[in-house]
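The values are calculated or read from the model by the stated rules, or taken from the named source; none is laboratory data. Just so it is clear, the model here is predicted, and its values are computed rather than measured. Glycine also receives a Cβ, built like all others from the backbone with ideal geometry; neighbour counts cover every protein chain displayed.
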Amino acid sequence: MLIPWTKIRSWDCMACGDCCKYFTINIKYEDWVKIINKHGTWAISPGVREFYIKRRPDGRCVFQHNLIGKWVCELQDVKPGICKRWPFRIYRKPRRGKGKDAIFQYRNENFYVYLESFCKGIQYGYPSTKFVKQVIPEFIEIYLGNLKNQVNSTSKIFNYLLHPQIPQVMPRRIL
Ligand code: SF4
Ligand code: SF4
């Protein structure tokens, strides 16, 4: 179910890994090219109009791995757009009604922002400043295809592993 952003206090990945287990991972041509250039073709199945990342027998994406009890994605530098955007759904038009509770103005444009209720990283309530000023704008930049390096839309675990000298709270987000 889609939840409009105004009902959500904050979002931070709990590293449960369920999204990479229970959802179909259909990727676009440009993502396919990036992945096969780096990892070869073994992990991708062709579809009619899209490509699909294969799953293990337990349903998990073949690029998902367990790291100190958290689930991490191996494709950080070539992660497909569908994975970068999860669990956000961003549209130019509202999904239902007039979308007053989903409208988000960013750089003088209107977007309609929702989150998938399936995600365990959602905390409901009045939107926090960080959620409004940092998290949602970053997901909109991903939606627009502008973002190269994920910060607030991905796991803190990678910042922690890459820059352990920077003091920070133990990471929780993996995707
Ligand atoms: S994005 Fe949500 S569903 Fe996916 S691993 Fe994080 S908390 Fe779990
Ligand atoms: S985020 Fe990574 S592990 Fe998860 S579905 Fe996408 S490619 Fe697979």
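Condition (residue is within 11 Å of ligand 2 (Cβ to nearest atom), over 26 Å from TYR29 (Cβ atoms) and either over 14 Å from the mean Cα position of the chain (by Cα) or among the aromatic types (Phe, Trp, Tyr) (or both)) applied to region 68-78: is it met by at least one residue? Yes; the residues of region 68-78 include at least one that is within 11 Å of ligand 2 (Cβ to nearest atom), over 26 Å from TYR29 (Cβ atoms) and either over 14 Å from the mean Cα position of the chain (by Cα) or among the aromatic types (Phe, Trp, Tyr) (or both).
Has region 80-87 got at least one residue that is among the charged types (D, E, K, R), within 13 Å of ligand 1 (Cβ to nearest atom), closer than 19 Å to TYR143 by Cα and in a loop (DSSP other than H, G, I, E, B)? Give the derivation first.
The initial filter retains those residues of region 80-87 that are among the charged types (D, E, K, R), namely 84-85.
So of that shortlist, the ones also within 13 Å of ligand 1 (Cβ to nearest atom) come out as 84-85.
Retained after the next criterion (residues that are closer than 19 Å to TYR143 by Cα): 84-85.
From the residues that got through so far, the ones that are in a loop (DSSP other than H, G, I, E, B) too are none.
The answer is no, given that none of the residues of region 80-87 is among the charged types (D, E, K, R), within 13 Å of ligand 1 (Cβ to nearest atom), closer than 19 Å to TYR143 by Cα and in a loop (DSSP other than H, G, I, E, B).
Figure legend. Inter-residue proximity from region 110-125: first residues within 15 Å of ASP18 (Cα to Cα), second residues within 14 Å of ligand 1 (Cβ to nearest atom) and among the acidic types (Asp, Glu), beta-carbon distance below 8 Å, spacing 6+ or different chains. Indicated pairs: PHE118/ASP18; LYS120/ASP18; GLY121/ASP12. A residue that is more than 18 Å from the chain's Cα centre (by Cα) and exposed (fewer than 14 other Cβ atoms within 10 Å of the Cβ) cannot be found anywhere in region 113-123. Close Cβ contacts (under 9 Å, 6 or more residues apart or on different chains) running from residues in region 147-166 that are at pLDDT 55 or above to residues that are among the hydroxyl-bearing types (Ser, Thr, Tyr) comprise LEU147/SER153. Of all residues in region 41-59, those being among the aromatic types (Phe, Trp, Tyr) and either under 14 Å from THR24 (Cβ atoms) or part of a strand (DSSP E or B) (or both) number 2. Within region 15-29, residues that are farther than 12 Å from LYS54 by Cα and part of a helix (DSSP H, G or I) reach partners that are near ligand 1 (Cβ under 6 Å from one of its atoms) and aliphatic (A, V, I, L, M) with beta carbons closer than 8 Å, at six or more positions or on different chains, in the pairs CYS19/LEU175.
Looking at region 25-35, is at least one residue of a type in the set (S, T, N, Q), surrounded by 12 or more Cβ atoms within 10 Å (Cβ to Cβ) and within 16 Å of ligand 1 (Cβ to nearest atom)? No, every residue in region 25-35 fails to be of a type in the set (S, T, N, Q), surrounded by 12 or more Cβ atoms within 10 Å (Cβ to Cβ) and within 16 Å of ligand 1 (Cβ to nearest atom).
Residues are listed down the side, and each one gets a yes or a no for (1) surrounded by fewer than 20 Cβ atoms within 10 Å (Cβ to Cβ); (2) within 16 Å of ligand 2 (Cβ to nearest atom); (3) more than 23 Å from PHE131 (Cα to Cα):
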{"position": "PRO57", "(1), (2), (3)": "yes, yes, yes"}
{"position": "ASN66", "(1), (2), (3)": "yes, yes, yes"}
{"position": "ARG85", "(1), (2), (3)": "yes, yes, no"}
{"position": "PRO94", "(1), (2), (3)": "yes, no, no"}
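Does at least one position in region 41-61 carry a residue that is under 17 Å from GLU116 (Cβ atoms) and touching a residue at least 40 places away in the same chain (Cβ under 8 Å)? So far as region 41-61 goes, yes, one or more of its residues are under 17 Å from GLU116 (Cβ atoms) and touching a residue at least 40 places away in the same chain (Cβ under 8 Å).
Would it be correct to say that ILE36 is closer than 16 Å to VAL78 by Cα and either within 11 Å of ligand 2 (Cβ to nearest atom) or touching a residue at least 40 places away in the same chain (Cβ under 8 Å) (or both)?
Working: closer than 16 Å to VAL78 by Cα: yes; either within 11 Å of ligand 2 (Cβ to nearest atom) or touching a residue at least 40 places away in the same chain (Cβ under 8 Å) (or both): no.
Here the answer is no, as ILE36 does not meet what is asked.
Among the residues of region 132-139, is there at least one that is more than 17 Å from GLY17 (Cβ to Cβ), assigned to a loop (DSSP other than H, G, I, E, B) and not aromatic (Phe, Trp, Tyr)? Steps first, please.
Filtering region 132-139 for residues more than 17 Å from GLY17 (Cβ to Cβ) gives 132-139.
Keeping just the survivors that are assigned to a loop (DSSP other than H, G, I, E, B) gives none.
No, there is no match, as no residue in region 132-139 is more than 17 Å from GLY17 (Cβ to Cβ), assigned to a loop (DSSP other than H, G, I, E, B) and not aromatic (Phe, Trp, Tyr).
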